[in-house]
1. Looking only at the stretch 91-107, which residues are assigned to a loop (DSSP other than H, G, I, E, B) and of a type in the set (A, V, I, L, M)?
2. Kindly list the number of the only condition in (1) over 19 Å from the mean Cα position of the chain (by Cα); (2) within 25 Å of His106 (Cβ to Cβ) that fails for Gly58.
Amino acid sequence: MKPTAGLAQRESRRSSNDEAEWIATDRICMIGAWSARAILVLVAAYVVVFVVGFAYVGNLNKPLPDPYLAIAEVLILLMAPIMVTLMLAMHDCAPARAKPCTQIAHG
């Protein structure tokens, strides 16, 4: 089955009454996709900061030095609201049978 077949079926089921709801859901799913991409970039930056920081120290038993630790903490603070946004988008875009699971995962 081609991926466009599912899209065509979804388009045919749309009625004029719930067109605004479908547009809102599509926008929320797009926000979720962008949130996932942002998390991917921030996690990659976080890993790079830790690798460079521990390479600078040269010993994994010592704590991470201050500039590297501060950058990692800022990245964590940036990731937190984006992760919440991603979870809310996942809950909204989930099928009805999965809503209880996504609600429990978010809570």
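Just so you know, all these numbers are worked out from the coordinates, no wet-lab data involved. This is a predicted model, so every value here is computed, not measured. Note that we place each Cβ from the backbone using ideal geometry, even for glycine, and neighbour counts take in every protein chain shown.
1. Filtering the stretch 91-107 for residues assigned to a loop (DSSP other than H, G, I, E, B) gives 94-95, 107.
Listed by number, the list holds a single entry, Ala94.
2. If we test Gly58 against (1) over 19 Å from the mean Cα position of the chain (by Cα); (2) within 25 Å of His106 (Cβ to Cβ), just (2) comes out false.
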